[in-house]
Amino acid sequence: NNIDHRLRQADFTDQAEAPLCPSLGLSLEALEQVDAALVIGGNPRKDQPLAGHRLRKAAVAGARVMFVNPVDFEFLFDVHAKAIVPPSRMVETLAGIAAALPKAVATGAVKSVIAAATPDAVQQGMAKALTEAGNAVVLLGNIAITHPQYSLVRALADVITAASGATLGVLPEAANTVGGWLAGVLPHRGPAGAALATAGMNAREMIEQRREGYLLFGVEPAHDCANPSAASKAVADAEFVVSIGAFASEALRDSADILLPIGPFTETSGTFVNAEGRWQSFSGVASPVGDSRPGWKVLRVLGNQFGLEGFEQTGSEQVRDALRSVLGEITFDNHQAAGPVADATPGSGLERVADVAIHAIDPLVRRAGALQRTPDAIAAGKARMNAAQAEAAGVSGAERVKVSQGEAAAVLELLVDARVPDGCVYIQSGTTPAATLGAAFGPVNIERA
């Protein structure tokens with residue numbers, strides 16, 4: 001389960017125009033040599049620690065590292081500039097940075113958003129730092145990628161990099177996101193980015209347009225989808241569900257008709273392709289326990305049962321080699337032609353901010369007792385607001401609050417956190433307390449429990 005399978009919240013998608021795969025845009029080694037970096041919607045210290053370490057080394061050496069984020073995350077270096085704004089204002093902030101760049105060129109809806117912006121001092125300073133740097137990078141992080149207006153966020157980042165001479169990079173959400181894209185684990189593409197005659201459904205469509213059956217591969221709907229409430233209900237209401245995974249939770253036992261056990265990815269052979277495009281193969285470290293089998297082998301046997309072509313491999317290395325032969329030489333480039341963009345209308349009222357908690361990213365770490373006792377894991381299961389916002393919402397001093405998103409609701413402990421901006425409540429995804437909530441971003445109601 002190393003490809004992003006979470007739901008996108010945008011009504012528009014520009015994935016048809018997307019490059020072959022997202023990538024860092026430069027090597028990890030080169031990342032620590034930059035003179036300036038702008039991270040958009042990201043917390044690399046927790047989400048991509050190796051990249052975060054390289055950014056820290058760059059900052060310590062004098063690089064101007066800047067952030068546009070919906071939470072004032074902690075970084076262990078001096079941040080040159082930051083704009084901490086609600087998710088609904090991230091587009092406005094990026095448009096301000098673009099408008100402060102004399103060479104900014106855009107078309108259509110992106111041009112209109114930039115034209116409407118009035119850069120403030122922080123946005124002007126960020127534009128100046130990028131322009132003055134001899135070696136600059138703009139990085140799209142996990143929050144940016146799952147943002148409901150990602151198509152517009154990405155397009156603005158493209159404008160900013162082109163106008164400032166920076167490199168555009170993406171901090172992939174998971175260890176093998178790049179590998180998944182290259183292999184064609186997308187509804188509209190096959191291996192090596194080949195176009196499909198008939199595009200499949202994206203994750204959101206699979207949930208909203210209820211299916212009679214679901215095949216889950218390493219997925220626990222209440223934890224691994226951006227709208228856990230909707231995903232769990234869709235699976236529970238289906239006529240037939242097959243779950244292929246290393247763990248069988250009570251929820252999966254209740255909803256699945258068939259459970260096919262596989263070994264965890266940490267024990268089987270395989271290959272990851274990392275953010276800089278490096279292929280990293282590894283051997284299995286343990287024999288499958290009981291009736292479990294390596295995940296790739298279960299899929300191969302299912303392909304055989306369906307009489308599909310291309311399911312004759314006897315080792316994961318053969319699967320890897322087949323993909324490499326189709327790919328040939330790869331050129332990584334995050335720039336793309338402008339496609340449809342999400343509406344830029346600002347939201348109103350209290351907004352939820354969510355990223356995936358570091359100790360909730362997959363079924364393995366969610367079951368690691370020691371990790372779940374860490375300060376990160378304990379805080380991840382709480383609703384976090386600043387003191388003034390808690391007062392305005394009428395929950396100041398409350399120990400527990402009821403959080404509602406339409407019909408989805410949960411009761412969470414309240415934690416006062418000055419890092420969360422006005423107008424927001426920070427509730428991380430993937431945790432058990434948040435498993436009955438709705439979308440990762442959007443309007444939310446909060447009251448005393």
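The values are calculated or read from the model by the stated rules, or taken from the named source; none is laboratory data. In this text, all values refer to a predicted model and were calculated from it rather than measured experimentally. Glycine gets a Cβ as well: all are built from the backbone with ideal geometry, and neighbour counts include every protein chain shown. Side chains are part of the model used for accessible areas, which takes the heavy atoms of the whole protein and leaves out ligands, DNA and RNA. Shrake-Rupley method; radii C 1.70, N 1.55, O 1.52, S 1.80 Å.
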| Index of the failed condition, ARG278 passing every other in (1) more than 26 Å from LEU28 (Cα to Cα); (2) touching a Ser or Thr at 6+ places or on another chain (Cβ under 9 Å); (3) at pLDDT below 95 | (1)
| said: Considering only segment 127-135, I want to know if a residue exists there that is charged (D, E, K, R) and crowded, with 16+ Cβ neighbours inside 10 Å. | reply: yes
| task | Out of the residues in segment 410-428 that are assigned to a strand (DSSP E or B) and open to solvent by 20 Å² or more (accessible area, probe 1.4 Å), state the one that is nearest to SER249 (Cα to Cα). | result | VAL411
| Restricted to segment 377-409, and to residues that are farther than 15 Å from GLU447 by Cβ and in a helix (DSSP H, G or I), which residue is least open to solvent (accessible area, probe 1.4 Å)? | ALA380
| note | Residue pairs qualifying under the 6 Å Cβ cut-off, at least six apart or on distinct chains, with the first in segment 69-84 being under 17 Å from ALA144 (Cβ atoms) and the second being crowded, with 19+ Cβ neighbours inside 10 Å and among the hydroxyl-bearing types (Ser, Thr, Tyr), are VAL71/TYR426; ALA83/THR93
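Yes or no, residue by residue, for (1) more than 16 Å from the chain's Cα centre (by Cα); (2) assigned to a loop (DSSP other than H, G, I, E, B); (3) modelled with pLDDT of 95 or more; (4) among the hydroxyl-bearing types (Ser, Thr, Tyr):
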| position | (1), (2), (3), (4) |
| --- | --- |
| ILE3 | no, yes, no, no |
| PHE12 | yes, yes, no, no |
| GLN33 | yes, yes, yes, no |
| VAL65 | yes, no, yes, no |
| query | Would a scan of segment 403-413 turn up a residue that is out of contact with any helix residue (DSSP H, G or I) (no Cβ under 9 Å at 6 or more places or on another chain) and under 22 Å from ILE84 (Cα atoms)? | reply | no
| query | Counting only residues that are part of a strand (DSSP E or B) and not β-branched (Val, Ile, Thr), which one in segment 246-262 is surrounded by the most Cβ atoms within 10 Å (Cβ to Cβ)? | reply | LEU260
| Do we find that GLY277 is on the phi > 0 side of the Ramachandran plot and open to solvent by 40 Å² or more (accessible area, probe 1.4 Å) in this structure? | no
| remark: LYS233 fails exactly one of (1) free of Cβ contacts under 8 Å to residues at least 12 places away in the same chain; (2) touching a Gly at 6+ places or on another chain (Cβ under 9 Å), namely (2)
| message | Please return the ranges of helices (runs of 4 or more DSSP H) entirely within segment 148-245 where 3 or more residues are β-branched (Val, Ile, Thr) and either surrounded by fewer than 23 Cβ atoms within 10 Å (Cβ to Cβ) or modelled with pLDDT of 95 or more (or both). | response | 150-164
| remark: Note on segment 19-38: residues crowded, with 22+ Cβ neighbours inside 10 Å and either within 23 Å of ALA81 (Cα to Cα) or among the polar types (S, T, N, Q) (or both) are SER23, LEU24, GLY25, LEU31, VAL34, ALA36, ALA37, LEU38
| So which residues in segment 256-290 are free of Cβ contacts under 8 Å to residues at least 24 places away in the same chain and either of a type outside the set (D, E, K, R) or under 20 Å from PRO22 (Cα atoms) (or both), if there are any at all? | ILE258, LEU259, ARG278, GLN280, PHE282, SER283, GLY284, VAL285, ALA286, SER287
| Which of (1) of a type outside the set (Asp, Glu); (2) touching a helix residue (DSSP H, G or I) at 6+ places or on another chain (Cβ under 9 Å); (3) closer than 30 Å to GLY277 by Cα does ALA83 not meet, given it meets every other one? | (3)
| message | Can you find a residue that is assigned to a loop (DSSP other than H, G, I, E, B), crowded, with 18+ Cβ neighbours inside 10 Å and either of a type in the set (Val, Ile, Thr) or at pLDDT below 95 (or both) anywhere in segment 92-102? | response | no
| Check on ALA440, of a type in the set (A, V, I, L, M), out of contact with any Phe, Trp or Tyr (no Cβ under 7 Å at 6 or more places or on another chain), crowded, with 16+ Cβ neighbours inside 10 Å and not in a strand (DSSP E or B) | yes
